[in-house]
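Working notes, structure below.
The values are calculated or read from the model by the stated rules, or taken from the named source; none is laboratory data. Only a predicted model underlies this, so the values are computations on that prediction, with no experimental measurement involved. FYI the Cβ positions are ideal-geometry reconstructions off the backbone, even for glycines, and counts take in every protein chain you see. The protein model used for the area step is the full one, side chains on, heavy atoms only, and it has no ligands, DNA or RNA in it. Shrake-Rupley method; radii C 1.70, N 1.55, O 1.52, S 1.80 Å.
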Amino acid sequence: MELDSKLASSAVIITGVATAEAASAYVMGPTFIGDDIAVTALTAAMIMGLGKVHNKSLTMEKALKWLIPNMGLFASSRVLAMTVKWIPLVGSTANASISFTTAQVIGWTVYLIFKDEKDLDEVGVKELRIYKRRAENMTKPDVEKWFENMPKEKVKEYKDLVSQLSNPALNEETQNELLRKMQD
């Protein structure tokens, strides 16, 4: 698969955010506070990051305005996570895995919409389902494989950025800066 810069940047952002969401879901899922706020904020940050890659002007508010009403389309696996996340260890692992997969599907769906040079609010529910199906079935770049050819200090830097991104207390400006650094 030949990579263009938008595909490569999108892959790095999607994988990084999905990993950060999985970490947040693993740690926060079984707590009283839960992981929903952190995971939703990270997903919105991912959408904003993908918007930057594709020259779309998105704020956190715009990303959430699109994401929240469309969560039902992506939420079936999150419902499963809600039922198992309270089981010690197994539940946390399942919740993290489901969060990772859901973030990947949302990220690649948004990527495909932007690749077709559309804005999120131009895509209706029927068309969104088609994009989601395409995202689930597409061949995606293997970011982990890229690490094999990168200097170890760059891999460590990327993984540190992902770790920082999983902090649910980050403000929008810091999230944007971390996403920009990941893309670089």
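Here is a list: Leu178, Leu170. Which entry is under 16 Å from Ala44 (Cβ atoms), in a loop (DSSP other than H, G, I, E, B) and open to solvent by less than 100 Å² (accessible area, probe 1.4 Å)? It would help to see each step written out before you state the result.
On the way: Leu178 fails: in a loop (DSSP other than H, G, I, E, B).
None of the other options fit; the residue is Leu170.
The residue pairs whose first member lies in the range 109-121 and is under 11 Å from Ile14 (Cβ atoms), whose second member is among the polar types (S, T, N, Q) and open to solvent by less than 70 Å² (accessible area, probe 1.4 Å), and whose beta carbons are closer than 6 Å, counting only pairs six or more residues apart or on different chains, are Tyr111/Ser10. Apart from one condition, Val125 fits all of (1) open to solvent by less than 50 Å² (accessible area, probe 1.4 Å); (2) in contact (Cβ under 8 Å) with a residue 12 or more places away in the chain; the exception is (1). Looking at the range 78-95, is at least one residue under 26 Å from Met60 (Cβ atoms), modelled with pLDDT of 75 or more and crowded, with 22+ Cβ neighbours inside 10 Å? Within the range 78-95, none of the residues are under 26 Å from Met60 (Cβ atoms), modelled with pLDDT of 75 or more and crowded, with 22+ Cβ neighbours inside 10 Å. Against the numbered list (1) surrounded by fewer than 17 Cβ atoms within 10 Å (Cβ to Cβ); (2) modelled with pLDDT under 90, Asn55 comes up short only at (2).
The rows are residues; the columns are (1) modelled with pLDDT of 95 or more; (2) hydrophobic (A, V, I, L, M, F, W, C); (3) out of contact with any Pro (no Cβ under 7 Å at 6 or more places or on another chain).
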{"site": "Ile106", "(1), (2), (3)": "no, yes, yes"}
{"site": "Ile113", "(1), (2), (3)": "yes, yes, yes"}
{"site": "Lys118", "(1), (2), (3)": "yes, no, yes"}
{"site": "Glu122", "(1), (2), (3)": "no, no, yes"}
{"site": "Val125", "(1), (2), (3)": "no, yes, yes"}
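Within the range 128-149, residues that are free of Cβ contacts under 8 Å to residues at least 24 places away in the same chain sit with their Cβ atoms under 7 Å from residues that are of a type in the set (Ser, Thr, Tyr), at 6+ positions apart or across chains, in these pairs: Tyr131/Thr109.
Answer with yes or no whether Ser92 is assigned to a helix (DSSP H, G or I) and touching a Phe, Trp or Tyr at 6+ places or on another chain (Cβ under 9 Å). So Ser92 fits the description; yes.
For Ile13, the conditions (1) open to solvent by less than 40 Å² (accessible area, probe 1.4 Å); (2) modelled with pLDDT under 85; (3) under 16 Å from the mean Cα position of the chain (by Cα) are fulfilled apart from (2).
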